[in-house]
Every structure is written in structure tokens, then in C-alpha cells.
Amino acid sequence: MQNVFLDANIFFAAVRSPTGGSYFVVELAKQKQIRVVTVAHALAEAERNIAEKLGDDKLTLHYENLLAIRPAIQSLASYPLGLERKLAVAVPEKDIPIVLGALLSSADVLITLDRKHLLENQRYIF
């Protein structure tokens, strides 16, 4: 089973549209075809954005999804000395917890919809 690290925007998009790719990823996790990993930072961001932009019904759906998929929460309490500094060269500060969590979790893949800062970031090559 693949370990898939999810950014906050995947959780948001999964409850926003039942026909999108993010919804499909969450459904795969519910069917135990993938194992979801994330960080507390991403969950807090997703919860805040869902509550502010989509309302209580979608927030309830988000909580139901989390209960169903039971994501592993990668700790950011300790990591190799200097890693955060190296990431800061290539990744905006707000996205460091996401990339750091994905690296520390040894996830097979990081799934994000963040085009500007992660997907099309030419400095982000490891």
C-alpha cells in the first residue's frame, strides 16, 4: 500500500466537489487502497478554510472523511539539523511544514494543488 502525503488543499477540494480528483483520492483512502499521511498544520489549515469558505455542512463532511480515513499525523518535532534552512531556499515559509512532513514521513508521493509554490516551483527539485 502506498503512503500518500496530502496537503491541506486536497482535504478542502475533496469536500468541495464530489467529482474531482481530490474526492477520488479520499475515496481510495476510505477503501484502504492508499494510506494517508499529513501534518497537523495541514489539518488545521484545511479545517479553517473549509469552515470559512464552505460552511458547517462541508466541515462536518470533512470530519467524517477524517474519521473514515484515519490519516497518520507526521510529527515535526524533530528533523535533521539544517533541513528547514535548506527547504527555505526553495519553498515559501508557509509550505515548509508540508514539504518537511512529506520528507520525514517517507511518503511515496505528495499530493497538492498548490501550483504556484510547489507544483511549478523550479527551485523545488530534490
Considering only residues of segment 70-99 that are among the aliphatic types (A, V, I, L, M) and more than 19 Å from the chain's Cα centre (by Cα), which is farthest from A42 (Cα to Cα)?
L81
Every listed condition ((1) surrounded by 12 or more Cβ atoms within 10 Å (Cβ to Cβ); (2) over 19 Å from I96 (Cα atoms)) holds for Q31 save (1)
When you scan segment 46-67, do you find a residue that is of a type in the set (A, V, I, L, M, F, W, C), under 22 Å from A29 (Cα atoms) and exposed (fewer than 13 other Cβ atoms within 10 Å of the Cβ), even just one?
yes
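Looking at this structure, is I98 under 16 Å from L113 (Cβ atoms) and in contact with a strand residue (DSSP E or B) (Cβ under 9 Å, 6 or more places away or on another chain)? Walk me through how you get there before you give the answer.
On the way: under 16 Å from L113 (Cβ atoms): yes; in contact with a strand residue (DSSP E or B) (Cβ under 9 Å, 6 or more places away or on another chain): yes.
Yes, satisfied.
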Of residues in segment 16-28 being hydroxyl-bearing (S, T, Y) and surrounded by 13 or more Cβ atoms within 10 Å (Cβ to Cβ), the one nearest to the chain's Cα centre (by Cα):
S22
Scope segment 100-109; condition under 11 Å from the mean Cα position of the chain (by Cα), over 12 Å from E84 (Cβ atoms) and part of a helix (DSSP H, G or I); matching residues
A102
Can you find even one residue in segment 69-80 that is surrounded by 15 or more Cβ atoms within 10 Å (Cβ to Cβ) and more than 20 Å from V109 (Cβ to Cβ)?
no
Being modelled with pLDDT under 85, of a type in the set (A, V, I, L, M) and surrounded by 14 or more Cβ atoms within 10 Å (Cβ to Cβ) is the filter here; which residues of segment 97-126 pass it?
L118
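The values are calculated or read from the model by the stated rules, or taken from the named source; none is laboratory data. Since the structure is predicted, the reported quantities are computational estimates derived from the model, not experimental observations. Neighbour counts run over all protein chains shown; Cβ positions are idealised from the backbone, glycine included.
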